[in-house]
Amino acid sequence: MTLDHQDAGARVAWGDRYPEPTRPRKRGLTWLLPRWSRASDVTPRKRGLPWPLSVTRLRRRPGSGPTQTASDSRARLIPRPRRHPVVAVVVGVGWAAVMQVRLFLGGHVGLAGFGENLPCRLGLANFRNPALSGWEHVQPTWIAHTWTGENCPPEFSTALVAQAAGKWLTPLLGFPGALDLRALGVVFGLLVGVACGLLAAVTPGRPLIRAGFASAVGLLYADAGFAGYLVSPYAEPTALVAAGFLVVALLFLWERPTAPRVLATAVPALLVVGARPEYVTFVPVIAFALLWVRGRRIVALMVATWIAGLGLFHAVTEAGFDDHKAVFQTILHDDPTAAADLTSLGLDPALAPAAGLSRDDAAWAPFADRYHRTAHPSPLRVAGFYATHPWHAIRTVGWGLQGVSGLRPHYLGSYPEGAGKPEGEMEHRVAVYSTIWEVFRKGPLLVPVLWIVTAGAGWLVVRRRSLTASEKTMGRLAVVLPAAALAQFAVVVLVHGRVETVRHMAMTSWLTALCLPVAAMAVTLVLTRLRPVPRWQHRHESCASIHSQMHEIKG
């Protein structure tokens with residue numbers, strides 16, 4: 001009996017009747033190409049077709065007719081994943097509306113501060129109330145101002161694109177000033193709805209699971225720990241919203257890698273990487289995600305990408321590296337061996353009495369001149385100091401974990417002036433993740449435990465042979481998220497130390513919080529099929545199924 005006459009519905013001992021076939025010999029340099037690009041060795045399992053294969057979920061590529069051979073037809077049969085557009089639209093519109101209500105109903109909320117004066121690059125200024133230090137109340141209105149000789153840092157960020165759009169929308173929405181941050185809140189709230197709708201379309205599973213996962217991500221944006229950034233002049237909101245679209249693009253790419261999908265991934269990736277200098281660590285992580293597709297990975301290219309990413313990080317941070325925060329306010333904080341540590345860092349040991357002082361401290365003035373005449377250490381020099389002084393590294397990592405477990409800055413107010421709230425009052429309209437984070441505040445060491453659990457569950461999903469390619473995309477995401485969070489954590493600890501750690505850890509905290517729903521999805525996928533089917537059996541059963549369906553199509 002041949003495969004053409006074999007009943008596809010019958011379950012027989014394929015290992016007894018059809019022994020394990022040998023792999024075809026690789027010729028030339030074809031082994032460098034991904035397996036999905038080689039049509040001569042395509043099976044439904046390798047192309048990500050679900051089992052059992054359904055004729056109603058297959059489509060033909062143009063030019064595949066009944067006159068072609070069975071091998072060509074098998075190579076041209078590709079899956080048509082169900083997107084559930086109605087569910088995606090409902091989820092997207094629903095969360096866009098929820099974000100508008102959450103930010104503006106009962107008076108708008110946001111995050112106080114001046115965003116390191118980033119909008120000044122657009123010719124804008126916000127002259128703070130002299131009675132306030134600028135951190136107690138949200139001051140959303142920025143006016144046009146010509147900066148001549150004043151302090152406007154020459155900083156470029158992709159957040160300026162969003163702020164320029166907000167500047168254009170401000171008069172259209174009827175807000176005062178040249179830029180009103182509430183216009184940014186409207187735009188970012190709508191974009192969150194779009195990202196949630198797209199997540200509901202690309203997430204694997206039933207409609208209820210898709211809607212639940214997308215809603216968990218929407219709830220993350222709406223949480224009090226992150227919603228305030230959407231109405232603020234910081235660079236973080238652009239990076240956080242772009243990161244949501246990056247997750248969508250990666251899931252879409254891993255499902256079936258194509259050149260247009262790679263280009264679609266590059267847009268949110270550039271927005272994230274260009275938001276802040278320390279986000280350059282996303283370069284090697286995103287490169288790993290792009291190379292991690294079905295088929296053989298080119299290890300040499302991946303290593304070269306990592307080296308290039310580290311070199312780019314060094315070039316970007318070298319000029320803007322503030323060694324005062326990394327050294328005097330972090331390494332020398334409560335340091336009994338300050339003089340010896342300054343010598344190890346290449347600084348003047350006579351500056352030891354200035355340990356722990358900030359530039360705004362009056363006691364720093366006598367040391368300012370000596371400090372400026374001293375050669376300043378580079379980020380690599382500080383990293384080498386941590387490598388040779390493990391006690392300092394442990395202390396700094398502990399401060400970083402406390403920053404992640406803090407989730408939101410406690411010194412930045414959430415309400416504007418005249419809202420009837422005390423100075424520095426923080427809002428708690430939606431606090432689901434903030435409530436869960438109480439566990440991490442009591443035990444900051446649980447943060448790396450969450451990273452490890454998420455990555456482990458994702459790796460099990462990727463290695464599970466009985467899962468489809470669409471389902472394995474969630475496993476890949478579960479592996480990439482902790483890697484990105486760890487890279488960001490290491491950079492913030494190195495560059496900023498213990499200075500404003502909670503705010504600088506905003507991206508790390510967002511990635512860590514996203515690990516909760518992603519880990520839940522990964523564990524669910526692992527538990528769905530506890531007994532994986534051998535790979536060779538998938539290959540034989542898939543061939544029999546395709547032959548049977550080809551006869552049905554031709555008939």
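The values are calculated or read from the model by the stated rules, or taken from the named source; none is laboratory data. In this text the structure is predicted, and so the values were computed from the model without any measurement. Neighbour counts run over all protein chains shown; Cβ positions are idealised from the backbone, glycine included. What goes into the accessible areas is simple: the full protein's heavy atoms, side chains included, and nothing from ligands, DNA or RNA. Shrake-Rupley method; radii C 1.70, N 1.55, O 1.52, S 1.80 Å.
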From the residues in region 154-189 that are open to solvent by 40 Å² or more (accessible area, probe 1.4 Å), under 28 Å from residue 270 (Cα atoms) and not in a helix (DSSP H, G or I), which one is modelled with the lowest pLDDT? 154
Per the list (1) outside any loop (DSSP other than H, G, I, E, B); (2) in contact (Cβ under 8 Å) with a residue 40 or more places away in the chain; (3) open to solvent by less than 10 Å² (accessible area, probe 1.4 Å), residue check on residue 275 breaks on (1)
Would you please list the contacts, defined by Cβ atoms under 9 Å and residues six or more apart or on different chains, that run from a residue in region 88-101 that is touching a residue at least 60 places away in the same chain (Cβ under 8 Å) to a residue that is among the hydroxyl-bearing types (Ser, Thr, Tyr) and open to solvent by less than 60 Å² (accessible area, probe 1.4 Å)? 91/215; 94/215; 95/215; 95/221; 99/221
Pair list, Cβ under 7 Å, 6 or more apart: region 513-535 residue part of a helix (DSSP H, G or I) and of a type outside the set (D, E, K, R), other residue open to solvent by 10 Å² or more (accessible area, probe 1.4 Å) and modelled with pLDDT under 90: 525/471; 526/464
Show the residue pairs meeting these rules: Cβ distance below 9 Å; 6+ apart or different chains; first residue within region 252-263 and open to solvent by less than 40 Å² (accessible area, probe 1.4 Å); second residue among the acidic types (Asp, Glu) and at pLDDT 80 or above. 261/255
Say we look at region 449-473 and pick out the residues that are open to solvent by 40 Å² or more (accessible area, probe 1.4 Å) and at pLDDT 95 or above; which of these is nearest to residue 516 (Cα to Cα)? 453
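Can you name every residue in region 350-364 that is open to solvent by less than 60 Å² (accessible area, probe 1.4 Å) and over 15 Å from residue 330 (Cα atoms)?
Initial filter on region 350-364 (open to solvent by less than 60 Å² (accessible area, probe 1.4 Å)): 350-352, 354-358, 363-364.
The answer is 350, 363, 364.
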Scope region 492-512; condition in a loop (DSSP other than H, G, I, E, B) and at pLDDT below 90; matching residues: 496, 497, 498, 499, 500
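Going residue by residue through region 220-242, is there one that turns out to be in a helix (DSSP H, G or I), at pLDDT 90 or above and farther than 22 Å from residue 431 by Cα? Break it down into steps so the answer makes sense when it comes.
In the first step, residues of region 220-242 are kept if they are in a helix (DSSP H, G or I); the result is 220-222, 227-231, 236-242.
Narrowing the set further to residues that are at pLDDT 90 or above leaves 220-222, 227-231, 236-242.
Now drop any that are not farther than 22 Å from residue 431 by Cα, which leaves 242.
Yes, the conditions are met somewhere in region 220-242.
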Residue 266 fails exactly one of (1) in contact with a His (Cβ under 7 Å, 6 or more places away or on another chain); (2) among the small types (Gly, Ala, Ser); (3) part of a helix (DSSP H, G or I), namely (1)
Considering 220, 199, 208, which residue is closer than 16 Å to residue 517 by Cα and open to solvent by 20 Å² or more (accessible area, probe 1.4 Å)? 208
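Across region 400-413, which residue is nearest to the chain's Cα centre (by Cα) among those that are surrounded by fewer than 18 Cβ atoms within 10 Å (Cβ to Cβ) and not polar (S, T, N, Q)? Give the steps one after another, and end with the answer.
Looking only at region 400-413, we keep the residues that are surrounded by fewer than 18 Cβ atoms within 10 Å (Cβ to Cβ), and these are 402, 410-411.
This time we only want the ones that are not polar (S, T, N, Q), so: 410-411.
Details: 410: 24, 411: 26 Å.
The residue in question is 410.
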Among the residues of region 512-528 satisfying the criterion of being under 13 Å from the mean Cα position of the chain (by Cα) and among the β-branched types (Val, Ile, Thr), which is surrounded by the most Cβ atoms within 10 Å (Cβ to Cβ)? 512
Determine which single condition residue 88 fails, assuming it passes every other condition in (1) small (Gly, Ala, Ser); (2) at pLDDT 75 or above; (3) open to solvent by 20 Å² or more (accessible area, probe 1.4 Å). (3)
Criterion first (surrounded by fewer than 19 Cβ atoms within 10 Å (Cβ to Cβ) and not basic (Lys, Arg)) does residue 241 satisfy it? no
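Could you list, in sequence order, the residues of region 492-506 that are open to solvent by 10 Å² or more (accessible area, probe 1.4 Å) and among the hydrophobic types (A, V, I, L, M, F, W, C)?
493, 494, 495, 499, 502
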Qualifying residue in region 123-133 (condition: among the hydrophobic types (A, V, I, L, M, F, W, C), under 25 Å from residue 412 (Cβ atoms) and either touching a Cys at 6+ places or on another chain (Cβ under 6 Å) or at pLDDT 95 or above (or both)): no
Looking at (1) outside any loop (DSSP other than H, G, I, E, B); (2) of a type in the set (Val, Ile, Thr); (3) at pLDDT below 85, find the lone condition where residue 148 falls short. (1)
Assess whether residue 270 counts as being surrounded by fewer than 24 Cβ atoms within 10 Å (Cβ to Cβ) and at pLDDT below 90. yes
From 454, 435, grab the single residue that is of a type in the set (Val, Ile, Thr) and touching a residue at least 40 places away in the same chain (Cβ under 8 Å). 454
How many residues does region 399-411 contain that are in a loop (DSSP other than H, G, I, E, B), under 19 Å from residue 329 (Cβ atoms) and not hydroxyl-bearing (Ser, Thr, Tyr)? 2
What number of residues within region 384-393 satisfy the criterion of being open to solvent by 40 Å² or more (accessible area, probe 1.4 Å), in a helix (DSSP H, G or I) and not hydroxyl-bearing (Ser, Thr, Tyr)? 3
Qualifying positions in region 352-404 - among the small types (Gly, Ala, Ser) and more than 27 Å from residue 512 (Cβ to Cβ): 352, 354, 355, 356, 358, 362, 363, 365, 368, 375, 378, 384
